[in-house]
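The values are calculated or read from the model by the stated rules, or taken from the named source; none is laboratory data. Predicted, not measured: the structure shown is a model, and the values here were computed from it. Methodologically, a virtual Cβ is constructed for each residue, glycine included, from the backbone with ideal geometry; neighbour enumeration extends over all protein chains shown. Ligands, DNA and RNA are excluded from the accessible area calculation, which covers all protein heavy atoms including side chains. Shrake-Rupley method; radii C 1.70, N 1.55, O 1.52, S 1.80 Å.
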Amino acid sequence: MVHDKTIGGRLFDGAVYVILFLVALVTILPFLHIIAGSLTTVDELAQKRFVLFPTKISWDAYAYIFSTNTIFRSMLVSIGVTGFGTLFSMILTSLMAYGLSRRDLVGRKQIMFMIVFTMLFSGGMIPTFIVVKSLGMIDSYAALIVPTAINAFNLIILRSFFQSLPDGLEESAKIDGCNDWGILFRIVIPLSMPAIATISLFYAVTYWNTYLPAILYIDSADKWPIQVLLRQIVILASGLTADSSGFSGDFVTPPDQTIKMAVIVVATVPVLLVYPFLQKYFDKGALLGSVKG
Amino acid sequence: MKKHDLRRRILKNKAIYLMILPGLLYFVLFKYFPMWGLVISFQEYRPYDGILGSDWVGFKHYQRLFTEPMFWTIFRNTIVLFLMNLIFFFPVPIILAILLNEVRLQAFKRFVQTIVYIPHFMSWVIIVSISFVMVTMDGGMINEGLDAMGMQKINFLLSDEWFRPMYILQVIWREAGWGTIVYLAAIAAIDPQLYEASRMDGANRFRQIWHITLPSIRSVIVILLILKIGDVLELGFEHVYLLLNAMNRNVAEIFDTYVYTAGLKQGQFSYSTAVGFFKSFVGLVLVMSANWLAKKFGEEGVY
């Protein structure tokens, strides 16, 4: 767009910048408040209420939450589920996406329809629960991974990406004596690293954030991922919840605000750490998904 | 001859079928088996007898559904939250994308985008936890602020009136920025000559947005609107469940949370499956009608 220097144009520009700046500020302030709050002393937080820059950094809240092994164990569960889950999902998703990207495959259309239909209609919570239960997965870590292993959206994004690679590549590889597995692992996947990375990160974030499968399928508290524990500590501690599945282990009395904030930070930080990597790719990836999905 | 040809084509791709197999198995097991499992809504399902051993009761659970007062409460709550999504949330990403597009300072644009995308990657537990910490009665900054200004503290978490505003604000906070991606891409595809021509004709910035930007992204808006309507009953179990409590149940209980409590907590498997079936079915009908309507009006539709 060419610069427009009329008074109206400048006022318009000014308003746009101010509004967008405020939007960004409102989005980020709560996060900053939580991070700063987790680093202040209980007294300072009680005095000032809203802290953005603690006068004295205090790690007490973190020291406290890591003094018991409840949080530590949950973190380990979440890390494990995220690692294995992402790997498992990526293997299933890329194999299927590559297969379905092959135009000469008989039955391709029917399988695609079958996948898209699951995005429009589902059996719902109870029948799925019954399936998971009859597979003997209740209260196992597998229940946090296997029932949600493939995301139809991600599958379609990856398939579109594979399809956009030039056909000639595969043909010439075939002439050179490469079989289908070779084509996938030596040509298609190396050429699709941006897409593979994006989808992996999407899966990783989903597994880190996993909550519903955990409350549906996991009974023992020592297998809870961090998100469930976070709910116990912050939301249940306010004494106002839907159900009264009691309080776990070490947090018998309602914890201080600073401790709640520290737990939120601990559950958030891993996502914030991968965010810069994520950001490099997701414009393209998410776009493909939302337009073609 | 033709059959022989088909067989050859299938055999030639043996390896490919092998690659698809695990994924296919996944969809059959975890998506299509549960669809078949919907038959338990016509049974008196007993877990130890399984689907094959339980007695058939016909439409008993569906009759109960339509006579149960609680059913109509959750029906109303679901519709209200859906309409709020449509009215208050849906336009926000469009407006944000148009504003972002008007920014010429690329660094500033990227800065705003980077920040407004972040909440999308936070779980609902985190989003709800952050709001809890901020609005709680004992020491939350919002209530302390109200107190400092000499106003009454408000019990945001335990009230009928504040559930809906909190719900929608959290939705906007989490998803508005992320929602701009698609619109920004659509705007980027607009031919710049259109803007130049309109400027020649004396259109100011508002008129350019109104007559060029908006009409150009209309089909994208329609597609996303159809998808949103398809989500009518998918308001997010996690989000609502986290906000739900004994004091706001009247306005907060929706289909998903009801299925969870009635089904898994109280063990009424068949009845809550009927509730879930009703929900899925209405969602399917709605998205198909919206798609049909869009096509009628000359738009592309989703499929």
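The figures follow:
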quantity	calculated
Lone qualifier among B:103, B:128, B:135, B:112 - being β-branched (Val, Ile, Thr) and more than 29 Å from the chain's Cα centre (by Cα)	B:103
Qualifying residue in the stretch A:93-104 (condition: closer than 21 Å to residue A:189 by Cα, free of Cβ contacts under 8 Å to residues at least 12 places away in the same chain, buried (at least 16 other Cβ atoms within 10 Å of the Cβ) and touching a helix residue (DSSP H, G or I) at 6+ places or on another chain (Cβ under 7 Å))	yes
The stretch B:251-268, residues that are more than 9 Å from chain A (Cβ to nearest Cβ), under 21 Å from the mean Cα position of the chain (by Cα), farther than 14 Å from residue B:166 by Cα and open to solvent by 10 Å² or more (accessible area, probe 1.4 Å)	B:258
Spans of helices (runs of 4 or more DSSP H) in the stretch A:104-206 with at least 3 residues away from chain B (no Cβ under 14 Å)	A:152-164, A:167-175
Single residue of B:94, B:10, B:20, B:51 found to be outside any loop (DSSP other than H, G, I, E, B), more than 30 Å from residue A:92 (Cα to Cα) and of a type in the set (A, V, I, L, M)	B:94
Scope the stretch B:23-48; condition surrounded by fewer than 19 Cβ atoms within 10 Å (Cβ to Cβ) and part of a strand (DSSP E or B); matching residues	B:44
Some residue of the stretch A:224-233 being over 27 Å from residue B:141 (Cβ atoms), modelled with pLDDT of 90 or more and either within 12 Å of another protein chain (Cβ to nearest Cβ) or open to solvent by less than 20 Å² (accessible area, probe 1.4 Å) (or both)	yes
Test: residue in the stretch B:267-274 that is within 23 Å of residue B:87 (Cα to Cα) and β-branched (Val, Ile, Thr)	no
Any hit, the stretch B:69-76, residues being more than 12 Å from every other protein chain (Cβ to nearest Cβ) and closer than 30 Å to residue A:27 by Cα	no
Number of the exception - residue B:227 against (1) facing chain A (nearest Cβ under 9 Å); (2) assigned to a helix (DSSP H, G or I); (3) farther than 17 Å from residue B:89 by Cα	(3)
Condition check for residue B:98: crowded, with 17+ Cβ neighbours inside 10 Å, β-branched (Val, Ile, Thr), farther than 19 Å from residue B:254 by Cα and in contact (Cβ under 8 Å) with a residue 60 or more places away in the chain	yes
Extreme residue, farthest from residue A:145 (Cα to Cα), among residues of the stretch A:64-84 that are away from chain B (no Cβ under 13 Å) and small (Gly, Ala, Ser)	A:67
Some residue of the stretch A:53-63 being touching a residue at least 40 places away in the same chain (Cβ under 8 Å) and within 14 Å of chain B (Cβ to nearest Cβ)	yes
Qualifying position, being free of Cβ contacts under 8 Å to residues at least 24 places away in the same chain and surrounded by 13 or more Cβ atoms within 10 Å (Cβ to Cβ), among A:42, A:16, A:81	A:16
Any hit, the stretch B:189-198, residues being within 30 Å of residue B:277 (Cβ to Cβ), away from every other protein chain (no Cβ under 11 Å) and either of a type in the set (S, T, N, Q) or not in a helix (DSSP H, G or I) (or both)	no
Some residue of the stretch B:289-302 being open to solvent by 30 Å² or more (accessible area, probe 1.4 Å) and facing chain A (nearest Cβ under 8 Å)	no
Any chance residue B:95 is within 11 Å of another protein chain (Cβ to nearest Cβ), at pLDDT 95 or above and farther than 19 Å from residue A:264 by Cα	yes
